[in-house]
Amino acid sequence: MRYLTLILIVFSLLASPLFAQQNKPFFEKGSKAVLFEFQGFDNLGANSFNGGIGGKYFIQPKLAIRGGVQFASISEDIPFQGTNGIDGEASATQFGIFGAVEYHLDTARVSPYLGGGLGVSFTSTESKSAEADPVDQVTIKNNRNGQFGYFGGTEFTLFGIAGVEIFIIKNLSLAAEYRLGLQQLSRKDEERTQGNTTVTTKQGSRMIWGLASAGVLTLAIYF
């Protein structure tokens, strides 16, 4: 977080000569922006926001709503190492939606804000083993150990936020924030099938509660 704060301070000092009218609001009712995650000076790429597409809209001069959708689909072929066998495969799919409310304490170039948000995502995984005999192939849905780092289930997130948004130019800003939140993952049952036999193993749930800072800057482009 110290590194992110330093970046914001540097941008603020460099940009200050550009703004002679300090009292002019930088956003108002109806202002809208698309959001990206910005890695910093060591990696200038603008990545997807929260793993998806994000946007922000001001319903009042100091009150904004932001939200978006997440989607990820990963698949991998697992070739059989031999002849006349059957190949395997693995896949993971995730879809989610998220939203938050920001209340800005000022409409100036440097704008602290408070707020809160929530999100929900749905994930499923499946794998099939590569075997010499198709009868021996094992299909696992929602593997207890996860697939590509994804765990099958439904995840709910609820959080409060406190951050600062700094405008570099009129239509471009950077922001960093702290989040205090609760995250709960309800795991789907694992289903392991071989031939006509399916074994179902119930999975539990996982809850995380804590304070964290965003690992990247948020880049907002207003239009």
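The values are calculated or read from the model by the stated rules, or taken from the named source; none is laboratory data. As the structure is a computational prediction, the values presented were derived from the model and not from experiment. With ideal geometry, Cβ positions are generated from the backbone for all residues, glycine too; neighbour counts draw on all protein chains shown.
In the set (1) modelled with pLDDT under 95; (2) within 30 Å of residue 82 (Cβ to Cβ), residue 192 fails one condition alone, (1).
Considering only residues of segment 101-110 that are at pLDDT 95 or above and either of a type in the set (Asp, Glu) or buried (at least 19 other Cβ atoms within 10 Å of the Cβ) (or both), which is farthest from residue 191 (Cα to Cα)? For segment 101-110, the residue satisfying everything is 104. Do we have any residue at all in segment 81-99 that's surrounded by 14 or more Cβ atoms within 10 Å (Cβ to Cβ), in contact with a Ser or Thr (Cβ under 9 Å, 6 or more places away or on another chain), of a type in the set (Asp, Glu) and more than 17 Å from residue 159 (Cα to Cα)? Yes: one or more hits.
Close Cβ contacts (under 9 Å, 6 or more residues apart or on different chains) running from residues in segment 66-95 that are touching a residue at least 24 places away in the same chain (Cβ under 8 Å) to residues that are in a loop (DSSP other than H, G, I, E, B) and of a type in the set (D, E, K, R) comprise 78/87; 79/87; 80/87; 85/133; 86/133. Which of the residues belonging to segment 130-155 are assigned to a strand (DSSP E or B), surrounded by 15 or more Cβ atoms within 10 Å (Cβ to Cβ) and not basic (Lys, Arg)? Scanning segment 130-155 gives 131, 139, 140, 147, 150, 153, 154, 155. Residues in segment 133-181 that are of a type in the set (Gly, Ala, Ser) and over 23 Å from residue 102 (Cα atoms): 146, 149, 152, 153.
Going by the conditions given, is residue 176 buried (at least 17 other Cβ atoms within 10 Å of the Cβ) and either at pLDDT below 95 or more than 30 Å from residue 58 (Cα to Cα) (or both)? Considered against the rule, which asks whether it is buried (at least 17 other Cβ atoms within 10 Å of the Cβ) and either at pLDDT below 95 or more than 30 Å from residue 58 (Cα to Cα) (or both), residue 176 comes out as yes. With more than 26 Å from the chain's Cα centre (by Cα), under 28 Å from residue 172 (Cα atoms) and either of a type in the set (D, E, K, R) or not in a strand (DSSP E or B) (or both) as the only criterion, which of 83, 107 stands out? So the residue among 83, 107 that is more than 26 Å from the chain's Cα centre (by Cα), under 28 Å from residue 172 (Cα atoms) and either of a type in the set (D, E, K, R) or not in a strand (DSSP E or B) (or both) is 107.
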